Structure formats: C-alpha cells, structure tokens
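To start, the structure under review is shown below, and the notes come after it.
Every number here is computed from the coordinates shown, using simple stated rules; none is lab data. Note that the structure is a prediction, hence the values are computed from the model and not measured. Ideal geometry is used to build each Cβ from the backbone, glycine not excepted, and the neighbour counts take in all protein chains shown.
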Amino acid sequence: MIKKCLFPVAGYGTRFLPATKAMPKEMMPIVNKPLIQYGVQEAMEAGMSQIAFVTGRRKRAIEDHFDRTYELEDQISGTKAEKNLEEIRLLMQTCTFSYTRQIQMKGLGDAIRTGETLIGNQPFGVILADDLCIGDERPVLLQMVEIYAKYQCSIVAVEEVSPQETEKYGIISGKKLEDRLFIVESMIEKPPAGEAPSNHAIIGRYILTPDIFENLRNLPPGRNGEIQITDALNVQAKKKMVLGFQFRGKRFDCGRLEGFVAATNHFFDLMRANGTPH
Ligand code: G1P
C-alpha cells in the first residue's frame, strides 16, 4: 500500500571517527552486513520496494553497495562465498533505488524535505538506519503499515526511555487510543532533562503523509538551529492527527558505540546459533 521508503543518509557519523573519515557510517557492518542493508531489508519486508536515499558528499559507497560488482561476482561465482550475497541480490531484484543529495546539513527535517523530489504526493516510510530494529514476529515498519491501513495518518514509532535519556530524542505526549497506540497531543525535540512531557521517545521509524513537505517548507529552524521533523509533525498533530506507536520489538541505537556493540553481539550470537557460514 505504501510503496516508497526514504532513507536520510547524509549525516557525518562523527561518533564513529576515525572509522567514518572516508566511509559512510551507514556502511559500518553489524557482523558482515552494513547497517543500511538491515534498514532496506526492513523496508522491503514492509512492502516498500521503491527506496529513496537522501545522500551527501562522500556517500558513494552506498550507491555501489546496491549495484552489481561484476569483477568480484565473476571471481566468486560458484564458490561458497557466493552464499553471502544472497540477501543483497534479493534486495536488488525486488527494489529500485534512487538518490538525491542534501547540499547542506540543516537537520533531519531538511533532509526529509529534500527527499520530496523522490517521493512526490504519496504517503511514505522513513527509516533512520542508525536505529536497528528487530520486530517481534513482524518487522517494525510492517507493524506501522498495518496501523496506517486503519487510520491513514502520520505515525511515529515510540519507545519508553529512562528520564536521563529523554534529552537525546523527540518526546511525545498524548492520550491512549488503543493498546500501544497514542494520539499525539504535542511533541518536543530533545527536551532538557526534567522538561520532558513523558518518557515516550521517537525512534527512527516514521510513516508520513505528504502534506509534511508543505509544513517543513514553512518551518523556522528549531532545536540546535536545525529544521526538525518533530516540529513539522507537531503542526500535523494540531491540524489533523498523528499517532505514536509503541512497537513490538527491540531497538539497538547503532548511532552510539554501546548500541553498535550490543547489536553486533546479538547478530553474531544469532549467526552462530543458526550455523550460518561467514
Ligand atoms: C532524530 C530526531 C529525534 C528522534 C531520533 C531517533 O534525532 O530528530 O526526534 O528521536 O532521531 O533516533 P537524531 O538522532 O538524528 O539527533
């Protein structure tokens, strides 16, 4: 039902320097698979096969990853190593990939607005690849698509965080609509400790209706002088409806070292348990 998924991937990844000096942070591997591939796989599993990247300078490796590598593939053809390409080959057969560049880093809201040219006038998913999500039974974005089918409005994924952590996230306040679902009354980007209206933090999965672009165009800079998607969603919440969805599953914050290492351990254990060759 929703065909397109937007991936803002222009960020610098300074927390992972020096690893990200010449390499996009989205190409950092969790075991042997780059972070971005986990995200694209989740989009595909949610039925979104048109993948749109808002990219930036020095991010060429992402384009190359979702393309053929003729010489290498020829070399390993018929060998055991070929098995490691099965998943990416399936993604490449199923999805299309398009790219546009964010010229200046002016915040997540600006990155999403830059993607309008690839999305057009239709609802779309957004995945922040740093947040690696493992859904219980079904992928997190697919869970959100099911909610969209019922309510046809923008939806943000939320997770409960400790009071000390609220300043790292967009925080929603709202009233309960059904199990795990809130009608957002307001949201605030990275409130200082003690000022958060709740402990429901937005994590990097969104379904957005296309009027978000108009809201983003008319926004003044918000927190940190950047155009914030949270502020644009606030406008939508006041005009119509935005839902906060407490997804079923687990999230690793791979934008930070602790989360990155935890995800690595999780997937390595899984791989060992499955006896997958590597
Ligand atoms: C962005 C959003 C924030 C959200 C977070 C989730 O922040 O602005 O509202 O909670 O992603 O990962 P960033 O992590 O890019 O600073």
When Ser98, Ser162, Ser49 are arranged by how many other beta-carbons sit within 10 Å of their Cβ, fewest first, they go Ser162, Ser98, Ser49
Charge dipole magnitude, Cβ of K and R +1, D and E -1 - the stretch 1-123, Cα centre, debye nearest 20:
560
GluC sites (Glu not before Pro) within the stretch 116-215, DSSP loop, no more than 11 other Cβ atoms inside 10 Å:
Glu137, Glu195
Taking the 0 to 90 degree range and rounding to the nearest ten, how far is the long axis of helix 229-239 tilted relative to the main principal axis of the chain, both from C-alpha atoms?
50
Roughly speaking, what is the centre-to-centre gap between the stretch 250-271 and the stretch 107-170 when only Cα atoms are used, to the nearest Å?
20
Comparing Gly249, Gly125, Gly109 in a Gaussian network model of the chain (Cα, 10 Å), the one with the largest mean-square fluctuation is Gly249
Given 37 °C, 0.692 mPa s and a Kirkwood radius over Cα pairs, the Stokes-Einstein diffusion coefficient of the chain in µm²/s is 170
Under 19 Å from Lys106, Cα to Cα: lysines that are on another chain or at least 8 residues apart
Lys25, Lys59, Lys168, Lys190
Can you give me the long-range amide H partners of Val242? Hydrogens built in the peptide plane at 1.01 Å from N, cutoff under 5 Å, separation of 5 or more residues or another chain.
Val184
Specify the longest stretch of the chain that does not include any exposed loop site, a site being one of the trypsin sites (Lys or Arg not before Pro) with a non-H, G, I, E, B DSSP assignment and at most 13 other Cβ atoms within 10 Å.
69-239
Ranking Cys5, Cys95, Cys133 by Cβ neighbours within 10 Å, fewest first, what do you get?
Cys95, Cys133, Cys5
Partner lysines for Lys3 [C-alpha distance under 20 Å; skip if fewer than 8 residues away on the same chain]
Lys150
